[in-house]
Each structure stands twice: as C-alpha cells, then as structure tokens.
Amino acid sequence: MPNISRGRCLLKLRIAEAKTTQAQLARRTGYAPQQISNWVNNREKMSYEAAVFCSYVLDCHAEDLYEWHFS
C-alpha cells in the first residue's frame with residue numbers, strides 16, 4: 001500500500017477561487033481568524049473535520065485543500 005502524506009495547504013487558493021476572504025471564512029465557519037491564518041500559512045494542518053467544514057463552505061472537496069504526495 002502506498003504512503004500518502006499532506007503537503008502544502010491550498011486554502012489560500014481555494015478562498016480566492018470562492019471570491020471570499022479569510023475573515024469571511026472565519027465568520028462563516030466559526031473558526032478564529034488566527035486559526036484560518038495558521039492553516040493558510042502552513043503553520044498548522046487542519047483536522048479532518050475542519051477541512052470538511054471549510055470545503056463545504058468553499059464549495060470544493062476536502063482533498064482540494066492540500067497538495068497530496070504518494071510514494
């Protein structure tokens with residue numbers, strides 16, 4: 001079975017594609033603006049639940065929020 005790992009967070013790109021802002025995403029999800037910033041700037045990785053909720057709000061797939069590496 002291959003190893004799968006998350007790479008760089010693509011949340012900033014998905015926010016731009018949704019024509020919204022980090023602040024609006026924070027308001028719509030209830031996550032703190034600093035938390036959204038941490039994810040966008042790759043300081044922390046999102047939990048699965050956070051990725052699913054953000055993807056729902058941004059109308060994309062949770063898998064679209066990260067680069068994925070297969071080995």
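Does Trp39 meet the test of being of a type outside the set (Lys, Arg), open to solvent by 20 Å² or more (accessible area, probe 1.4 Å) and closer than 25 Å to Asn3 by Cβ?
no
If the requirement is being in a helix (DSSP H, G or I) and surrounded by fewer than 17 Cβ atoms within 10 Å (Cβ to Cβ), which of these qualifies: Glu49, Glu67, Glu44?
Result of the check over Glu49, Glu67, Glu44: Glu49.
Inside the stretch 1-25, can you point out the residues that are part of a loop (DSSP other than H, G, I, E, B) and surrounded by 13 or more Cβ atoms within 10 Å (Cβ to Cβ)?
Residues satisfying the conditions are Leu10, Ala18, Thr20, Thr21.
Working only within the stretch 1-56, note down all residues that are among the hydroxyl-bearing types (Ser, Thr, Tyr), over 12 Å from the mean Cα position of the chain (by Cα) and within 16 Å of Trp68 (Cβ to Cβ).
Ser5
State all residues of the stretch 26-41 that are small (Gly, Ala, Ser) and assigned to a loop (DSSP other than H, G, I, E, B); if no residue qualifies, say none.
Gly30, Ala32
The values are calculated or read from the model by the stated rules, or taken from the named source; none is laboratory data. These figures come from a predicted structure and were not determined experimentally. FYI the Cβ positions are ideal-geometry reconstructions off the backbone, even for glycines, and counts take in every protein chain you see. Areas reflect the complete protein model, heavy atoms only, side chains present, ligands, DNA and RNA absent. Shrake-Rupley method; radii C 1.70, N 1.55, O 1.52, S 1.80 Å.
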